[in-house]
Amino acid sequence: MTELIVQTTAGGPPAFRGPSADLVYFLSFAAAERYGSQHELSQAVTLLRHQHKVPLGPLLRFTDIRAESDADRQEQERLWQDPAALADAVERLIQAFQASRKVQELCSGFPEILPRLEDLRDQARWAAERGARIRLLYTLD
């Protein structure tokens with residue numbers, strides 16, 4: 001099952017309230033957008049990043065949960081980040097998403113993106129309230 005896995009140094013944050021596969025796809029195409037991807041999710045990211053000025057950096061810090069080498073494990077360790085910055089970026093993304101009919105149209109085939117972004121924001125806030133660090137991992141099955 002494809003899913004986003006949120007880990008914190010304070011233990012498990014509240015769980016996603018639904019499937020997170022659409023959010024994994026969104027983040028993956030957000031990363032691919034920089035390389036010229038023309039997928040509708042990448043087009044939505046282009047609008048969010050350039051027209052709405054959403055800072056996506058904290059959302060682009062993710063990797064596969066399966067660490068097969070020391071380099072993979074080092075990459076996972078490097079991904080720990082400030083949850084307040086992640087929560088702020090996700091909140092700005094949610095606001096821009098809700099304000100843009102074009103972004104909503106481009107993402108219409110992935111109806112779980114917005115609800116899972118709201119969950120991710122809440123998870124990051126949860127970690128920030130506890131003075132914890134946070135990282136994003138995914139699994140593709």
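The values are calculated or read from the model by the stated rules, or taken from the named source; none is laboratory data. Quantities reported herein were computed from a predicted structural model and do not represent experimental measurements. Don't worry about glycine lacking a Cβ; one is built from the backbone with ideal geometry, like all the others, and counts go over all protein chains shown. Ligands, DNA and RNA are excluded from the accessible area calculation, which covers all protein heavy atoms including side chains. Shrake-Rupley method; radii C 1.70, N 1.55, O 1.52, S 1.80 Å.
Consider Pro83 carefully, then state whether it is within 24 Å of Ala128 (Cβ to Cβ) and modelled with pLDDT of 95 or more. Against the criterion (within 24 Å of Ala128 (Cβ to Cβ) and modelled with pLDDT of 95 or more), Pro83 qualifies. Only one entry of Arg92, Arg17, Arg61, Arg78 meets the criterion of being basic (Lys, Arg) and farther than 17 Å from Gln123 by Cα, and that entry is Arg78. Note on region 19-109: enclosed helices (runs of 4 or more DSSP H) holding 2 or more residues that are open to solvent by less than 40 Å² (accessible area, probe 1.4 Å), touching a strand residue (DSSP E or B) at 6+ places or on another chain (Cβ under 8 Å) and touching a residue at least 60 places away in the same chain (Cβ under 8 Å) are 21-33.
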